[in-house]
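These notes are about the structure you will find just below.
Please treat every number below as a calculation from the coordinates, not as lab data. If you're wondering where the values come from, they're calculated on a predicted model, not measured in any experiment. In this analysis, Cβ positions are derived from the backbone assuming ideal geometry, glycine residues included, and neighbour counts consider all displayed protein chains.
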């Protein structure tokens, strides 16, 4: 079971490494969107500190959306996906591997660059730490839920916009607990409660989403 | 039994007339327009399907005649 | 064997089409009766609320619309589950026929909520847990309709929409809980649209209006599902016979 997942992760990572430009552009999209906010709002540190968690999280949601349409589309085009669906091992495991790989190339870089952007918003050291940790444990849920949307819209016209329409409302709990953790740290309430709920969301969606995506993929491949 | 003293009292809704009638107006509008749209959609679908069916049967007749 | 056959008979569009057609006038009539009774109780008989004045009368449509918007989503998810489990044709059609009505109910709930909020809270919109959840529910309806509209193949549209509905129904409690949590942390407004201590006439008025909305939704959904059936089954004999019979 683990072998299948790891094999898929390895394969997807290798493919992603051949197209590093995609990873870098999603990352720069994140950086640019976050940097636009102070320009639109004004440079007052108090205001920026208040807005930082929400801005960073919304930008992270949007940046994750960018790479989602590609999650299954390439494999669908060259027929790999149909091969995987026909293979004896459950498709849900394959999707789990793809979700993990997607997180490694989209969620993990966001978490690593987030503290740098947090400094721009005058966040304290504690808050930066919580921010990084929250994005680190929250983005797997985004990849998981996003996989369902990517599977449902596979091969449809206007798939990208449709995908965001389907997936963004489902991201709301992650946004609330993710931004809430940072916010609670900034205001001195402590973000542990938020973080544990965020972790629970990630666990639940990683357990549940791959199988829903697999069912959606089978429908799309019929 | 009836709570209102006069019709103008009823319309004024104790100063909340705009909000109450704005709510009820929107509801009545939606509940009137939705069935009309459904009925119209049904009519256009039926005429379209009939036209398609006639076209199909004409094509069939031509094929058997030849 | 005969039981099984009967079950399939009622689930088949050819038998359900005339049945729905015959039932629509009854549901519509019952809806009008409930509506008139509810309006009479709610608008003419019910006393003034001591806290909210006459403005509270908005709840006679706000609450039924909110209930229906949530209930219709649940019914759609139920049909989706049936459709995915038993592969029945009718279930997907029912879910698609219900969606626009559910979305309109969610919209009405938001609209009346805003009109209630302006005099009571002083603003058109408050990020109150219930209103926010209702807004997200409207987004879910829109997502479902956009997805089914984007898929040309009807069978795939039904199944993909079904999965989205099931994912949505699992998520709704989580979304509601998270919004509520978020709302309490940010010290949201604590005034409720519905109060626990309601006069009996108010409660009856609201229940009657809810019945009216319910029957209305069934009537409209049946009317819509009939059109969907004709469209989808246009190559079958029964639709051809029906259309040819109409022509004379």
### Message
Considering all alpha-carbon pairs of segment C:20-229, what whole percent are spaced by more than 31 angstrom?
### Response
26
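Quick check on segment A:149-212: take the gyration tensor over C-alpha atoms, sort the square-rooted eigenvalues as a ≥ b ≥ c, and tell me if it's rounded (a/c under 1.5), prolate or oblate. Write down the numbers at each step before the final one.
Details: a/c = 5.73, a/b = 2.07, b/c = 2.77.
Taking the square roots of the gyration eigenvalues as a ≥ b ≥ c, segment A:149-212 is oblate.
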### Using alpha-carbon coordinates, inclination of helix C:154-185 to the longest axis of chain C, degrees
10
### Principal-axis tilt of helix A:20-41 within chain A, Cα atoms, nearest 10 degrees
30
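Sorted from fewest to most neighbouring beta carbons within 10 Å, what does the list C:54, B:34, A:222 look like?
Values: C:54 23, B:34 18, A:222 10.
Placing the least packed residue first, the sequence is A:222, B:34, C:54.
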### Query
By average Cβ neighbour count within 10 Å, what is the ranking of C:129-136, B:46-53 from highest down?
C:129-136, B:46-53
### Inter-probe distance in nm under a simple model that places probes 7 Å from Cα toward Cβ, at residue A:122 and residue A:187
1.9
### Query
With the Cα gyration tensor of the protein assembly as shown giving a ≥ b ≥ c as the square roots of its eigenvalues, does the rule (a/c under 1.5 for rounded; else a/b larger than b/c for prolate; else oblate) give rounded, prolate or oblate?
oblate
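Report, to one decimal in Å, the Kirkwood hydrodynamic radius for segment C:55-168 based on all distinct Cα pairs.
Values: mean 1/r = 0.0681 Å⁻¹.
After inverting the mean inverse Cα-Cα distance, the result is 14.7 Å.
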### residue B:36 versus residue C:32: modelled label distance in nm, points set 7 Å from Cα along the beta carbon direction
1.7
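How do A:37, A:208 line up, fewest other C-beta atoms within 10 Å first? Before the final figure, lay out the partial values.
Values: A:37 20, A:208 16.
The most exposed by this proxy come first: A:208, A:37.
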#### Entry: Dimensionless Rg ratio for chain A, taking C-alpha atoms and the 2.2 N^0.38 Å reference
1.03
### Query
Between the helical axis of B:17-65 and the dominant principal axis of chain B, each derived from Cα atoms, what acute angle in degrees is found, rounded to the nearest 10?
10
### For segment A:1-116, the fraction of alpha-carbon pairs in successive 10 Å shells from zero, as %
12, 38, 26, 15, 7, 1
#### Entry: chain B: radius of gyration and largest Cα-Cα distance (Dmax), Å
25.8, 81
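Could you tell me the calculated FRET efficiency between residue C:51 and residue A:108, based on Cβ-Cβ distance and R0 = 51 angstrom, to the nearest 0.05?
Numbers: r = 53 Å, r/R0 = 1.04.
Calculated value: 0.45.
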#### Entry: Estimated inter-spin distance, residue C:12 and residue B:28, nm [label 7 Å along Cα→Cβ]
4.6
### Query
Which residue, A:14, A:98, A:50, tops the fluctuation ranking in a GNM of chain A built on C-alpha contacts under 10 Å?
A:14
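Arranged by the count of other C-beta atoms within 10 angstrom, fewest first, what order do A:148, C:72 take?
Values: A:148 29, C:72 26.
Least crowded to most crowded, the residues run C:72, A:148.
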### Summary
From the Cα centre of segment C:227-242 to that of segment A:145-222, the distance in Å is 40
#### Entry: Alpha carbon centroid spacing (whole Å) that separates segment C:138-170 from segment A:52-101
19
